[in-house]
Amino acid sequence: MPVNSPLNRKLRMGLIGGGQGAFIGRVHATAAILDNRATLVAGALSSDPAKAKASAPDYDIPADRAYGSVKEMIDAESKRPDKVDFVSVATPNHTHFEIAKAFAEAGFNVMCDKPLTFDLAQAEQLAEVAKKTGVVFGVTHNYTGYPLVRQARAMVLAGELGDIQAVRAFYIQGWLRSRLETGGQKQASWRTDPTKSGAAGCFGDIGTHAYNLGRYITGLLPDQVCCQLKIFEPGRKLDDYGTAIIRFQGGALGTVTASQITHGRENDIFIEVDGTKGSIEWHQEEPNRLIVRQNGQPQKIYTRAGGPFLNAAAAAASRLPAGHPEAFFEAFANVYSAAFDDMCKRAAKQPFERIDTVYPNVQDGVDGMNFVTKCVESSNKGCAWLPLSHPLCRK
């Protein structure tokens, strides 16, 4: 725990999802406890009660806190003097809303995987629930946790790049080049099913990350969007490729390109930002390098924890000395750590910031769902320009 933490114990974590065969639940569990500020004590690890209880030993969750359903968990934990402080929702998209809403209404802090909900109306309702209950509500857009992403954000806010004029964000994968969903592959099956994934496939799954990264680094507010989504694999029900053009308030332009059908690409999310004084480039697959360019000067490569040129935001997000790579789990943990600061303040009945947070919050979740919704609508209308601003998206 930080020296100045108002809470003199570890936070108690509950995990929803993450049962045997799952991927992202294990990531949440690992990231949340990485800095020894939380401990996993309870969970409803599957919608199948038997599987949920059978999965508990994989996380060292005691049998009496391995629940067969969300309702059972809320009822039991609400009565315990040592109840969980927060839950992590690591389940398919279509289940996020009911789970997160139930826990928030019961007074539990929530960390929810992205995209926030199945549709925009659900996201807006969750934002109202979070506001009404006063819970801390984080959304795990985990790429915002990388030290050099936070370095870039602070550089933009300090004016080091001048006025931001263009943002190009990409998320390129190739794992859905063939129709894995027809063979029963679990991750492919729900991501390509409109009854579970929502109105978008690739753009809802990874396009939202690229969009969020641009918004997080630049702070630019969106104004309008024009989008073309495409299904390249015959028979697939949701998009596997797409490109959006964004007009930001103030005149800057942005693009978001997402693909899950590009041969040989693994998890390549990267971003380029152009300002009047300089430009930056960052790649998630090489996360410990930030390229900074200015006309007439040698290209600069900033490294994580690499020296006095790093700002306080990047330094605070780094754990290891320079030259020792930090990556995915550490970035995920940084999102959790920032949310933990506010959870501790809430537990101590201290005020905390609810909108302009270091970690992505429920408003950012609404922003992402608004982006997906407008992109699908624009594509269906022949790439029509549509308004992208939203009253809850103010940062």
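Table for the structure above
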| item | result |
| --- | --- |
| Label-point separation, Thr276 to Asp163 (7 Å along Cα→Cβ), nm | 0.4 |
| Dipole magnitude (debye, nearest 20) for the chain, charges at Cβ of Lys, Arg, Asp, Glu | 340 |
| Which of Thr91, Asn109, Pro81, positive extreme of dipole for the range 50-109 (C-beta unit charges) | Thr91 |
| Trypsin sites (Lys or Arg not before Pro) restricted to DSSP loop in the range 271-305 with at most 15 other C-beta within 10 Å | Lys277 |
| Candidate aspartates and glutamates - alpha carbon under 18 Å from Lys277, same-chain residues fewer than 8 apart omitted | Glu160, Asp163 |
| Portion, in percent, of the accessible area of the range 172-219 that falls on carbon or sulfur, probe 1.4 Å | 55 |
| Residue-normalised accessible area of the range 71-141, expressed per residue, 1.4 Å probe, Å² | 36 |
| Whole-number percent relative contact order across the range 1-137, with pairs defined as alpha carbons under 8 Å at least 6 apart | 21 |
| Estimated FRET transfer efficiency when R0 is 22 angstrom, pair Arg289-Ala154 (beta carbons, to 0.05) | 0.85 |
| Within the range 115-138, backbone nitrogen closer than 17 Å to the virtual label 7 Å beyond the Cα of Thr195 toward Cβ | 118-119 |
| Relative contact order [Cα under 8 Å, 6+ residues apart], the range 143-223, whole percent | 41 |
| Pairwise label distance in nanometres, Lys71 with Lys349, each label 7 Å out on the Cα-Cβ vector | 3.4 |
| Karplus 3J(HN,Hα) series, Hz, for the range 377-389 with 6.51 cos²θ - 1.76 cosθ + 1.60 (x for Gly, Pro) | 5, 4, 4, 5, 9, x, 6, 5, 6, 10, x, 10, 5 |
| Peptides 246-256, 209-219 ordered by average Cβ neighbours within 10 Å, highest first | 209-219, 246-256 |
| Unpartnered cysteines - no second Cys beta carbon under 4.7 Å - across the chain | Cys112, Cys202, Cys226, Cys344, Cys383, Cys393 |
| Dipole of the range 242-377, positive direction: furthest Cα of Phe371, His283, Gly323, with charges on the beta-carbon | Gly323 |
| Mean separation of Cα contacts under 8 Å, 6 or more apart, over the residue count of the chain: relative contact order % | 19 |
| Extension gain, Arg9 back to Lys132 (0.36 nm per residue minus Cα-Cα distance, nm) | 41.6 nm |
| Net charge, Thr208 excluded, C-beta distance under 14 Å - Lys, Arg +1, Asp, Glu -1 | -2 |
| Distance violations [Cα-Cα > 19 Å] among Lys51/Lys186; Lys101/Lys374; Lys132/Lys349 | Lys101/Lys374 |
| Signed unit charges on C-beta, dipole axis of the range 121-211, positive-most listed residue Trp175, Leu126, Val156 | Trp175 |
| Cα centroid separation - the range 132-155 against the range 71-94, whole Å | 23 |
| The range 246-273 versus the range 163-241: alpha-carbon centroid distance in Å | 10 |
| Residue-normalised accessible area of the range 272-345, expressed per residue, 1.4 Å probe, Å² | 47 |
| Neighbour net charge for Ala333 - beta-carbon separation under 10 angstrom, K R +1, D E -1 | -1 |
| Gain upon complete extension [Lys186, Gln299; 0.36 nm per residue less C-alpha separation] | 36.3 nm |
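The values are calculated or read from the model by the stated rules, or taken from the named source; none is laboratory data. The model shown is predicted, which means the values in this text are computed figures rather than measured ones. All Cβ positions, even for glycine, are placed from backbone atoms using ideal geometry, and neighbour counts span all protein chains on display. Note: accessible area is taken over every heavy atom of the protein model, side chains too, but ligands, DNA and RNA are not part of it. Shrake-Rupley method; radii C 1.70, N 1.55, O 1.52, S 1.80 Å.
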